[in-house]
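First the structure, in the form of structure tokens, and then the observations on it.
The values are calculated or read from the model by the stated rules, or taken from the named source; none is laboratory data. Please read these numbers as outputs of a predicted model, since none were measured by experiment. Here Cβ is always computed from backbone atoms with ideal geometry, including for glycine, and neighbour counts include all displayed protein chains.
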Amino acid sequence: MKHVLESVESQFEMFQILDENGKIVNKDAVPDLSDDDLKELMRRMVYTRVLDQRSIALNRQGRLGFYAPTAGQEASQLASHYALEKEDFLLPAYRDVPQLIWHGLPLYQAFLFSRGHFHGNQFPEGVNGFSPQIIIGAQYTQTAGVALGMKKRGKKSVAVTYTGDGGTSQGDFYEGINFAGAYGAPAIFFVQNNQFAISVPVEQQTAAKTLVQKSIAAGIEGIQVDGMDPFAVYVATKDARERAINGEGPTLIETVTYRYGPHTMAGDDPTRYRTDDLDNEWEKKDPLVRFRKYLEGKDLWSEEEENKVIDEAKDEIKKAIKKADEYPKQKVTDLIENMHEELPRNLKEQMEEYKEKESN
């Protein structure tokens, strides 16, 4: 049995194309992206880093509600999304708001979602996705269902979901990948292994050497990638999408990454379970730094261009939060109306009570 386990674990070597110094280490795997594509991907990562910084500040000011920092995971999130198409369907976790924004969700609505406002969940026509899932791993079973629906309708699109390493310890994780595998559903399941499920190190969650090896039990494709490498994430996602729309079933992708901030802004203190040495080690692998070095080596990026993106991001964020501030406040009667098509008697009484209060 030990021999069998070791043979399974040895099958999953981490896929990498761009190392932490911005050097290509796997020439045969470099994606065929135009110079404009490379610059756009960098722009999105820089923009999202600024968005993360501003969101943390807005949260501390009391102007945002729930927020989960994203710094460090830009390659995992945005390079994977860059490999998708508009018709693909996103089922994100609570840290994956950036993918929804780049998929078409207006920024002011993302802010309203953070505040718990119902309009933050009313996606515009053509934005294929669900609101970020708060229940750990629940989006995995939903993704299997969405993907099966796509298959039955003959659509050439995929359902894509994300969870963290802690999500793999949930029953929904196994149910989702098993169901999708059994029906050959066109789904891509991401596990963003940022090393800590809130405060629990990944090695204390599971005896498995990798998280991607859990794909074997479901009989689906699996690959572990350097989640700080935009190229590796993009290529793995692109390949998984092609297989899915060609009827070859789902893929589990483990992106080995790191979150630089706390788990969420709701009181988590990462200094209690992470060391300075570990933080410093992962800061050297920063996806923005390595991609910047690569692009600068090709004369495709400069400090001037990056500062321009930073200024644009700050300006757009300022306008979006202002629009969110000006949006009509959510009322108790809004909540009651949105939760029920036909009100039961007790809520009818409460509705009248709150209508009177709100009119005053």
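Tally up the residues in the range 202-252 that are among the polar types (S, T, N, Q), touching a residue at least 40 places away in the same chain (Cβ under 8 Å) and farther than 23 Å from Q73 by Cβ, please. Within the range 202-252, residues that are among the polar types (S, T, N, Q), touching a residue at least 40 places away in the same chain (Cβ under 8 Å) and farther than 23 Å from Q73 by Cβ number 0. One residue stands out among those in the range 1-48 that are assigned to a helix (DSSP H, G or I) and hydroxyl-bearing (S, T, Y): the one that is nearest to the chain's Cα centre (by Cα), which is T48. For the range 306-360, which positions are among the hydroxyl-bearing types (S, T, Y) and in contact with a helix residue (DSSP H, G or I) (Cβ under 7 Å, 6 or more places away or on another chain)? Within the range 306-360, Y327, T333, Y354 meet the criteria. Can you say whether A68 is closer than 13 Å to Y162 by Cβ and assigned by TED's automatic domain parsing to the domain that holds D239, as far as the supplied structure shows? For A68, the condition - closer than 13 Å to Y162 by Cβ and assigned by TED's automatic domain parsing to the domain that holds D239 - is met. Checking the structure you have, find out if any residue of the range 59-74 is over 16 Å from the mean Cα position of the chain (by Cα), at pLDDT 95 or above and assigned to a helix (DSSP H, G or I). Yes, the range 59-74 has at least one match.
Taken over the range 252-284, residues that are more than 15 Å from the chain's Cα centre (by Cα) and of a type outside the set (F, W, Y) amount to 20. In the set T206, T264, T210, T251, only one residue is within 30 Å of S55 (Cα to Cα) and among the polar types (S, T, N, Q); that residue is T264.
The condition (being assigned by TED's automatic domain parsing to the domain that holds Q11 and either over 20 Å from the mean Cα position of the chain (by Cα) or assigned to a loop (DSSP other than H, G, I, E, B) (or both)) is satisfied by just one residue among I177, I188, I223, I135: I135. Applying the criterion of being touching a residue at least 40 places away in the same chain (Cβ under 8 Å) and either aromatic (F, W, Y) or touching a helix residue (DSSP H, G or I) at 6+ places or on another chain (Cβ under 8 Å) (or both) to the residues of the range 118-135, the residue that is surrounded by the most Cβ atoms within 10 Å (Cβ to Cβ) is P132.
Before we move on, is A79 touching a Ser or Thr at 6+ places or on another chain (Cβ under 9 Å) and part of a loop (DSSP other than H, G, I, E, B)? In short, no.
Any residue in the range 155-163 that is in contact with a Ser or Thr (Cβ under 7 Å, 6 or more places away or on another chain), modelled with pLDDT of 95 or more and closer than 14 Å to A240 by Cβ? Yes: the range 155-163 contains one or more residues that are in contact with a Ser or Thr (Cβ under 7 Å, 6 or more places away or on another chain), modelled with pLDDT of 95 or more and closer than 14 Å to A240 by Cβ.
List the residue pairs whose Cβ atoms are under 7 Å apart, where the first residue sits in the range 324-345 and is closer than 13 Å to E358 by Cα and acidic (D, E), the second is at pLDDT 90 or above and surrounded by 12 or more Cβ atoms within 10 Å (Cβ to Cβ), and the two are 6 or more positions apart or on different chains. Note: pairs meeting the criteria are D334/F118. Just one residue in the set S215, S199 is within 16 Å of F12 (Cβ to Cβ) and either of a type outside the set (D, E, K, R) or assigned by TED's automatic domain parsing to the domain that holds M45 (or both); that residue is S215. Candidates are the residues of the range 138-169 that are in contact with a strand residue (DSSP E or B) (Cβ under 8 Å, 6 or more places away or on another chain) and in a loop (DSSP other than H, G, I, E, B); the one that is farthest from A218 (Cα to Cα) is S157. Every condition in (1) in a loop (DSSP other than H, G, I, E, B); (2) touching a Phe, Trp or Tyr at 6+ places or on another chain (Cβ under 6 Å); (3) crowded, with 24+ Cβ neighbours inside 10 Å is met by M228 except one, and the failing one is (2). Scanning the range 144-167 for residues that are touching a helix residue (DSSP H, G or I) at 6+ places or on another chain (Cβ under 6 Å) and within 23 Å of H263 (Cβ to Cβ) turns up T161, D165, G167. Just to verify a result, which residue in the range 285-310, among those that are of a type in the set (A, V, I, L, M, F, W, C) and more than 16 Å from I17 (Cα to Cα), is surrounded by the most Cβ atoms within 10 Å (Cβ to Cβ)? Going through the qualifying residues, I end up with W301.
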